[in-house]
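The values are calculated or read from the model by the stated rules, or taken from the named source; none is laboratory data. Quick caveat, the model's predicted, so the values are computed rather than measured. Glycine also receives a Cβ, built like all others from the backbone with ideal geometry; neighbour counts cover every protein chain displayed. With ligands, DNA and RNA removed, areas are computed over all heavy atoms of the protein, side chains included. Shrake-Rupley method; radii C 1.70, N 1.55, O 1.52, S 1.80 Å.
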Amino acid sequence: MSSPADERDGVDVDERRTRARALLPAAGRGVLAGVAGVAVMTAVEKVEQTITHRPDSYVPARTLLTLLGRHPSDGDRPVVWNHAMHWGTGAALGALRGIWAAVGLRGPQAQFAHTVVRLATDQTLENVTGVGAPPATWPRQELVVDVLHKAIYSVVTGIVAERIVAPRLVSRRGTTSH
């Protein structure tokens, strides 16, 4: 039975439940899309590193370990933890991208926004833990490479998500400012 508040906003309780139930599979498919995005990003990183001779970064691993209460040094190179953070973040943000695809946030604008979310997530975690430095302090080439790799991740994740998640939850409410 609907409450007066449910009737006021014009959304049926059953519709809310249906939307909520539909988001979980979209998120699950998004995880798969995120893993595909990480796989392509990682392959491109390895090619780029053979050309530029840029070493692997262990900031993701040190960030994860710090979040877990450990205190890695700048010299620590925990490969397994690096992969856990790299793939885990990609999968988690892939879930978000799957949800976006389901609700109609699709195409180049969504890919651009997702790139920003990916960069912001990494930078927030790295800087909150004190493991990373703000991008404004990085050498320009490092910044360009990081943004490029995250954009590749987001484009691939978006393409895959949009192919495996139908836009079944696109709302037509709120198309005006009032």
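Give the range 136-178 a look and list any residue that's part of a loop (DSSP other than H, G, I, E, B), among the charged types (D, E, K, R) and touching a residue at least 60 places away in the same chain (Cβ under 8 Å), or say none. Lay out the reasoning, then the answer.
Taking the range 136-178 as the starting set, the residues that turn out to be part of a loop (DSSP other than H, G, I, E, B) are 138-139, 165-178.
Still in the running and among the charged types (D, E, K, R): 168, 172-173.
Arg168, Arg173, listed by residue number.
For Leu67, state whether it is in contact (Cβ under 8 Å) with a residue 24 or more places away in the chain and within 11 Å of the chain's Cα centre (by Cα). Walk me through it before giving the result.
Values: in contact (Cβ under 8 Å) with a residue 24 or more places away in the chain: yes; within 11 Å of the chain's Cα centre (by Cα): no.
When the stated conditions are applied, Leu67 does not pass them.
Quick test for you: out of Ile159, Ile164, Ile152, Ile99, pick the one residue that is modelled with pLDDT of 95 or more, among the hydrophobic types (A, V, I, L, M, F, W, C), over 22 Å from Thr42 (Cβ atoms) and surrounded by 12 or more Cβ atoms within 10 Å (Cβ to Cβ). Before the answer, list the steps.
Values: Ile159 fails: over 22 Å from Thr42 (Cβ atoms); Ile164 fails: over 22 Å from Thr42 (Cβ atoms); Ile152 fails: over 22 Å from Thr42 (Cβ atoms).
That would be Ile99, the only listed residue that is modelled with pLDDT of 95 or more, among the hydrophobic types (A, V, I, L, M, F, W, C), over 22 Å from Thr42 (Cβ atoms) and surrounded by 12 or more Cβ atoms within 10 Å (Cβ to Cβ).
Listed residues Gly90, Gly132; which is surrounded by 12 or more Cβ atoms within 10 Å (Cβ to Cβ), in contact (Cβ under 8 Å) with a residue 12 or more places away in the chain, over 16 Å from the mean Cα position of the chain (by Cα) and closer than 21 Å to Glu45 by Cα?
Numbers: Gly90 fails: over 16 Å from the mean Cα position of the chain (by Cα).
After ruling out the rest, the residue left standing is Gly132.
Output the qualifying pairs, or none if there are none: Cβ atoms under 9 angstrom, residues six or more apart or on different chains, first residue in the range 36-56 and on the phi < 0 side of the Ramachandran plot, second residue part of a loop (DSSP other than H, G, I, E, B).
Taking only residues 6 or more apart or on different chains, the pairs are Glu45/Arg54; Glu45/Asp56; Glu48/Arg54; Gln49/Pro55; Gln49/Asp56; Asp56/Arg77.
If you go through the range 43-54 one residue at a time, do you hit one that is touching a Leu at 6+ places or on another chain (Cβ under 6 Å), outside any loop (DSSP other than H, G, I, E, B) and surrounded by 15 or more Cβ atoms within 10 Å (Cβ to Cβ)?
First, the residues of the range 43-54 that are touching a Leu at 6+ places or on another chain (Cβ under 6 Å): none.
Checked against the condition, which is being touching a Leu at 6+ places or on another chain (Cβ under 6 Å), outside any loop (DSSP other than H, G, I, E, B) and surrounded by 15 or more Cβ atoms within 10 Å (Cβ to Cβ), the range 43-54 yields no hits at all.
Which ones in the range 135-149 are open to solvent by 50 Å² or more (accessible area, probe 1.4 Å), under 17 Å from Asp56 (Cβ atoms) and of a type in the set (A, V, I, L, M)? Talk me through it step by step, then tell me what you get.
Taking the range 135-149 and keeping what is open to solvent by 50 Å² or more (accessible area, probe 1.4 Å), we get 136-144, 147-148.
Adding the requirement that they be under 17 Å from Asp56 (Cβ atoms) leaves 138-139, 141-142, 148.
Within the range 135-149, just Leu148 meets the criteria.
Can you tell me which of Leu105, Leu96 is free of Cβ contacts under 8 Å to residues at least 24 places away in the same chain and under 17 Å from Val170 (Cα atoms)?
Numbers: Leu96 fails: free of Cβ contacts under 8 Å to residues at least 24 places away in the same chain.
Criteria check complete, one pass: Leu105.
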